[in-house]
Amino acid sequence: MMLTRRSFVRIAGGSIGLLVAAPALVGLGAGARTRWGSGDPFSLGVASGSPVPNGFVLWTRLAPDPLSPDPAAPGGMTGGDVEITYEIAADPAMREVVRRGPAIAEVAFAHSVHVEIDGLAPDRPYWYRFTAGEASSTIGRARTAPLAGAPLDRLRFGFVSCSNYEEGYFSAYRHLADEDPDLVLFLGDYIYEYVNPHDGRVRVHSDGVEASTLGTYRNRYAQYRLDSDLQRLHATAPSLVTWDDHEVQNDYGGEWSENFDEPDVFLERRTAAYRAFYEHMPLRPSLSRPKGDRMRIYDRFAFGDLAEFSVIDGRQYRSRAACYIPPNRGGGRLENDSSCPERRDPNRTMLGMPQEAWLYNGLTRSKARWNVIAQNMMMAELREQQAGGDFKVSTEDWNGYPECRARLLRHLHDSKAANPVVLSGDMHAYWTSDLRLDFDDERAPIVATEFVGTSVTSGCPPFESYARHLPNNPHIRFFESRKRGYVSVDLTPAQMTTRLRTVSDATKPDASVATLETFVIEDGRAGAIGA
Ligand SMILES: [Fe+2]
């Protein structure tokens, strides 16, 4: 199959409705005539993301041989950039096309496509697809946000985290798609870089190696994106995305590896991992195209007067983990103030000072009824009593950065941002908590409610290993680690209704779904109420 400028113009010429003329293309050269033989170039599906009032990002990646082991031909593609076509329609059957234009599959980014669309009408669904020569992608549905400050009565969204392909099937994604959400939040561990021991694997990472290079990270994303449940979820609603550690390496933080690699060596790996993340996510290219070893993914999205989402990055800008001392693992350690006073250093940050300032400024300015902070790790304190009776906390999550957490909670309190809610991943368990201004004072004001969602598939330590700590952490209102699933939220001006949704068995492809627990937060009243 051959894609030429002539065939693109012919396709465009047959359109209906408002069309935007294709700009002159430069520099495509021979790449525009790349061939892909008999494979489906759209094998990885489509996605939309980053919705704003006049548009969104559309994503696909050309991969006619998606798991090609040849790093010089990712996805089976060779040659230069390829021009394909995107179409946006007002109806699900794509009869009323309102926009058609060129999109460039960039060889520098594994022939992924990120089209930042603008000029659309606010607060409505649109349908889209890509075409390349004779090939056509599946049709996806995106949605524009309402105009800033415009009244919005209802928003339904879901959030998910921790989907280890080897530990099960993605039924949680399928059931969330069935709920027809307006928005999906991916809160980290979208892929797992490592390969599980042979026992107990439900499916296998096909290449059998730990991802650590650009080629192996690309193939990991490609394998996940071949999953039909995940493809369907992406095609159902736009997403907002952040990451946790497994998009790079277990328990890494900032420039520091859990294995005490030299930072320069580890940064090469991180750069490859971040690049592959960009290549597979509907991030805004204007914001998130990787720059050297950095890649900004934190971003803010508003939905009329109802909600503002601050999607933050709790991995890239961290200070080095407290008491990062060989030869122990460089990731999580259990420490307390006497064993590790460094943890309390106010100069340490989990978010990096620029991201902290960006977050606090946004919260101060927000006029939204609900202010959602979407991020990777549990924010509530978790004190773990040791055999000798003393208490310790992990240095790997927010507990390792208590002064940064205190700044954030103090800011949430002082800024008077309405109805702050924190959504989190990482724990492979549901945790519902009151985030108090001071975790040591049960009478301190509740400044936000936190919902940690369980994993899509990834396993959790035994229930009792965490449950025994609950009496020592009275701000934790609910805990359940024995279920896999996702969380579904209905937001109205009056209340936020949060349903913890569980799948019957993540090791079965046809698992059913049920609601484990429902919480309601009423406007103006911090703290979740069991419903
Ligand atoms: Fe995880």
Long-range HN-HN contacts of Val98 with modeled amide H, under 5 Å: Ile88, Ala89, Ala90
Region 379-444: GluC sites (Glu not before Pro) falling in loop per DSSP and having at most 14 other Cβ within 10 Å: Glu442
Estimated inter-spin distance, Ala418 and Asp490, nm [label 7 Å along Cα→Cβ]: 2.0 nm
Farthest positive-ward along the chain dipole, Cα basis, beta-carbon charges - from Ile117, Tyr221, Ser310: Ile117
Reachable aspartates and glutamates from Lys367, criterion Cα separation under 12 angstrom, eight or more residues apart if same chain: Asp305, Glu308
Efficiency of FRET from Cβ geometry, Ala387 and Arg289, R₀ 45 Å, rounded to 0.05: 0.35
Free-standing Cys, the chain [no other Cys Cβ under 4.7 Å]: Cys162, Cys404, Cys460
Per-residue Cβ neighbour rank within 10 angstrom, fewest leading, Thr502, Thr78: Thr78, Thr502
Cα centre as origin, Lys/Arg/Asp/Glu Cβ charges: the chain dipole, Debye: 1400 debye
Segment Arg141-Ser339, length gained on full extension (0.36 nm per residue, minus Cα span): 66.0 nm
For region 157-530: rounded, prolate or oblate by the Cα gyration tensor [a/c cutoff 1.5]: rounded
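Among rounded, prolate and oblate, which fits region 438-495 when a ≥ b ≥ c are the square roots of the eigenvalues of its C-alpha gyration tensor, a/c under 1.5 means rounded, and a/b larger than b/c means prolate?
Here region 438-495 falls in the oblate category.
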Reach of Lys483 by Cα under 22 Å, taken over lysines that are not fewer than 8 positions away in the same chain: Lys508
Prolate/oblate/rounded call for region 382-531, Cα gyration tensor, a/c under 1.5 rounded: oblate
For region 311-466, convex hull volume per residue from C-alpha positions, Å³: 131 Å³
0 to 90° range, to nearest 10: angle between helix 214-225 axis and the chain longest Cα axis: 90 degrees
Dipole in debye (nearest 20) - region 347-440, about Cα centre, beta carbon charges: Lys, Arg +1; Asp, Glu -1: 540 debye
Gap separating the Cα centres of region 458-531 and region 267-321, nearest whole Å: 26 Å
Per-residue Cβ neighbour rank within 10 angstrom, fewest leading, Ile104, Ile191: Ile104, Ile191
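With runs of 4+ DSSP H residues as the only contributors, calculate the mean residue ellipticity of the chain at 222 nm using -39,500 (n - 2.57) per run, divided by the residue total and rounded to the nearest 500.
Rounded to the nearest 500, the figure is -5000 deg cm²/dmol.
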Simple Cβ-charge dipole of region 255-307, Lys/Arg +1 and Asp/Glu -1, about Cα centre, in debye nearest 20: 380 debye
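First measure r as the distance between the Cβ atoms of His469 and Ala72, then evaluate 1/(1 + (r/R0)^6) with R0 = 60 Å and state the FRET efficiency to the nearest 0.05.
My answer for the efficiency is 0.75.
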Extension reserve of the Asn347-Val520 stretch, reckoned as 0.36 nm per residue once the Cα distance is removed: 58.6 nm
Euclidean distance of C-alpha centroids, region 345-369 and region 132-148, integer Å: 33 Å
Ranked by how many other beta carbons lie within 10 Å on average, peptides 318-329, 406-417, 462-473 from highest: 406-417, 318-329, 462-473
The chain: relative contact order as a whole-number percent, Cα under 8 Å and 6+ apart: 14 percent
Inter-label distance for Arg365 and Arg124, nm, one decimal - labels placed 7 Å from Cα along Cα-to-Cβ: 2.9 nm
Extreme residue, positive dipole direction of region 157-530, given options Pro346, Ala387, Pro327 (C-beta unit charges): Pro346
Karplus 3J(HN,Hα) series, Hz, for region 395-411 with 6.51 cos²θ - 1.76 cosθ + 1.60 (x for Gly, Pro): 8, 8, 10, 4, 5, x, 10, x, 6, 5, 4, 5, 4, 5, 5, 4, 5
Ranking of Val265, Val487 by count of other Cβ atoms within 10 Å, fewest first: Val265, Val487
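Throughout, read-outs are computed from the coordinates displayed, never taken from laboratory work. Computed from a predicted model, the values in this text were never measured in an experiment. So basically every Cβ, Gly included, is an ideal-geometry build from the backbone, and we count neighbours across all protein chains shown.
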